[in-house]
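Engineer: Here it is, the structure, as structure tokens.
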Amino acid sequence: MPQTEQDTDLIRVVEDDHRAFEAAFAELEATASEPVGRKALVDHVIANLVRHAVVQEQFAHPVIRKRLDDGDEIVEHELAVYGEAEMVMKALDERGPADFDFEPLLERLITGVRAHIIEEEAHLLPRLAAACDAEERRHIGFKMLAAKEFAPTRPHPHAPDSTPANLVVGPGIGLVDHIRDTLAHREV
């Protein structure tokens with residue numbers, strides 16, 4: 001299905017990801033007592049959270065730094081939030097539902113991501129929408145959607161998270177992750 005200009009708007013791209021995360025979280029919460037398929041769903045959530053964070057770091061963060069007076073502070077806060085989530089995702093990636101700390105880690109991830117979504121949608125996205133014209137938002141959103149195809153799917157806490165290093169390293173890490181996902185029959 002071809003994308004419309006609105007589909008590629010930066011704000012819409014971010015919000016669409018947020019709605020997908022919420023749907024997956026609701027499914028995880030509804031199936032908490034059913035361990036079958038739980039690890040696959042958690043792996044899917046992790047892959048999409050990683051992709052989301054990576055493309056925001058690559059394409060949205062430079063615009064936030066440039067367009068908002070307190071952009072550097074905002075990006076540093078975002079990176080700290082991503083760093084915390086990445087450590088939790090790495091721990092979840094190495095565990096399964098039978099591990100005693102799997103559910104507490106998952107709850108911590110969901111709670112943290114939900115708080116971040118609320119904060120971002122209430123404060124950052126409206127400011128970013130006002131600071132960028134529609135054409136710039138569409139251009140950035142389009143690049144973000146395209147970059148998701150090659151973005152890493154697993155947490156890499158020590159990978160660079162600032163431009164230009166993440167633009168160079170990210171696709172290579174993404175390729176390795178996609179190969180690992182294929183070999184492990186991990187659907188993301």
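Engineer: Under 8 Å between Cβ atoms, which residue pairs at least 6 apart in sequence (or on different chains) link something in the range 61-72 that is at pLDDT 95 or above with a partner that is of a type in the set (Asp, Glu) and buried (at least 18 other Cβ atoms within 10 Å of the Cβ)?
Structural biologist: Close Cβ pairs (under 8 Å, with a partner that is of a type in the set (Asp, Glu) and buried (at least 18 other Cβ atoms within 10 Å of the Cβ)) amount to 61/78; 64/78.
Engineer: Can you find, within the range 9-24, the residue that is farthest from residue 107 (Cα to Cα) among those that are open to solvent by 10 Å² or more (accessible area, probe 1.4 Å) and among the aliphatic types (A, V, I, L, M)?
Structural biologist: Checking each candidate, the answer is 11.
Engineer: Could you identify the single residue in 42, 75 that is open to solvent by less than 40 Å² (accessible area, probe 1.4 Å), assigned to a helix (DSSP H, G or I) and under 20 Å from residue 147 (Cβ atoms)?
Structural biologist: Just one listed residue meets the conditions, 75.
Engineer: Of everything in the range 138-166 that's open to solvent by less than 40 Å² (accessible area, probe 1.4 Å) and among the charged types (D, E, K, R), which residue is modelled with the highest pLDDT?
Structural biologist: Once the filter is applied, the top-ranked residue is 148.
Engineer: Can residue 90 be described as modelled with pLDDT under 95 and among the basic types (Lys, Arg)?
Structural biologist: In short, yes.
Engineer: Answer with yes or no whether residue 142 is more than 21 Å from residue 11 (Cβ to Cβ) and of a type in the set (Phe, Trp, Tyr).
Structural biologist: No: the conditions fail for residue 142.
Engineer: While we're here: Could you tell me whether residue 95 is without any contact (Cβ under 8 Å) to a residue 24 or more places away in the chain and either in contact with a strand residue (DSSP E or B) (Cβ under 9 Å, 6 or more places away or on another chain) or open to solvent by 60 Å² or more (accessible area, probe 1.4 Å) (or both)?
Structural biologist: The answer is yes for residue 95.
Engineer: Sticking with this structure for a sec: Residues that are open to solvent by 60 Å² or more (accessible area, probe 1.4 Å), outside any helix (DSSP H, G or I) and either out of contact with any Lys or Arg (no Cβ under 9 Å at 6 or more places or on another chain) or not hydroxyl-bearing (Ser, Thr, Tyr) (or both): does the range 49-72 have at least one?
Structural biologist: Yes, the range 49-72 contains at least one residue that is open to solvent by 60 Å² or more (accessible area, probe 1.4 Å), outside any helix (DSSP H, G or I) and either out of contact with any Lys or Arg (no Cβ under 9 Å at 6 or more places or on another chain) or not hydroxyl-bearing (Ser, Thr, Tyr) (or both).
The values are calculated or read from the model by the stated rules, or taken from the named source; none is laboratory data. Because the structure is a prediction, the values reported are computed rather than measured. Don't worry about glycine lacking a Cβ; one is built from the backbone with ideal geometry, like all the others, and counts go over all protein chains shown. Surface accessibility is based on the protein's heavy atoms, side chains included, excluding ligands, DNA and RNA. Shrake-Rupley method; radii C 1.70, N 1.55, O 1.52, S 1.80 Å.
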